[in-house]
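Here the structure comes first, spelled out in structure tokens, and everything after it is commentary.
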Amino acid sequence: MRKFVALAAILAIATAVQAETSVAEKIVTIDAGRWGSVKQENVTRVKALLKQLTANYSISETEVADKVVYGIHTLLRDKYGITQKLQDTMEDLNRVRFPKPHKGDFAKLVVVYVQMRNAGQSRTEVVKRLNTALALDNRALDTFLNQ
């Protein structure tokens, strides 16, 4: 009987762990939309992006997701009418080489990225220009945001 109870408890814990949706799965689900399907390769890639971004900027996965969703859905899509996938945005932000980022720099990076995309620049051009600016001046985002 004890073995049965222990096995049932282990199965319940395993089911609860499996039932919890990861941040990566949530992002991929948002990108897939109402009728799209979540592809495991996208979840795997977003997990890798989250790992890299959280390590580079010393913030949590939830903070990365919140800032990307706000920037891309609330600002870029809803305010400016430009649509793009969250995963694509995370890919772009991950390609920006930010020397010695400080607390709050990821949020600034998202805002500047959105402003540059709204100004009509392509995703590739935004990454290229941000990398050039940050290579010249580590505080280029502050200059751009007039801080």
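Miscellaneous remarks
- Condition check for Thr54: within 21 Å of Ala24 (Cβ to Cβ), buried (at least 20 other Cβ atoms within 10 Å of the Cβ) and at pLDDT 95 or above: no
- Annotation note: of Lys85, Lys79, the sole residue that is loosely packed, with under 15 Cβ neighbours inside 10 Å and not aliphatic (A, V, I, L, M) is Lys79.
- Residues (over 21 Å from Thr21 (Cβ atoms) and assigned to a helix (DSSP H, G or I)) located in segment 53-87: Ala55, Asn56, Tyr57, Gly71, Thr74, Leu75, Leu76, Arg77, Asp78, Lys79
- Test result for Ala119, within 18 Å of the chain's Cα centre (by Cα) and among the small types (Gly, Ala, Ser): no
- Tabulated pairs, segment 123-136, first farther than 11 Å from Pro99 by Cβ and part of a helix (DSSP H, G or I), second at pLDDT 95 or above and of a type in the set (Phe, Trp, Tyr), C-beta under 8 angstrom, 6+ apart or interchain: Val126/Tyr113; Leu130/Tyr113
- Residues that are within 14 Å of Asp92 (Cβ to Cβ), not hydroxyl-bearing (Ser, Thr, Tyr) and not in a helix (DSSP H, G or I), drawn from segment 108-122: Gln121
- Flag if Asn94 is assigned to a helix (DSSP H, G or I) and either more than 22 Å from Asp137 (Cβ to Cβ) or modelled with pLDDT under 95 (or both): no
The values are calculated or read from the model by the stated rules, or taken from the named source; none is laboratory data. This one's a predicted model, so the numbers in the text were calculated from it and none came from an experiment. Cβ sites come from the backbone with ideal geometry, for glycine too, and all protein chains shown count toward neighbours.
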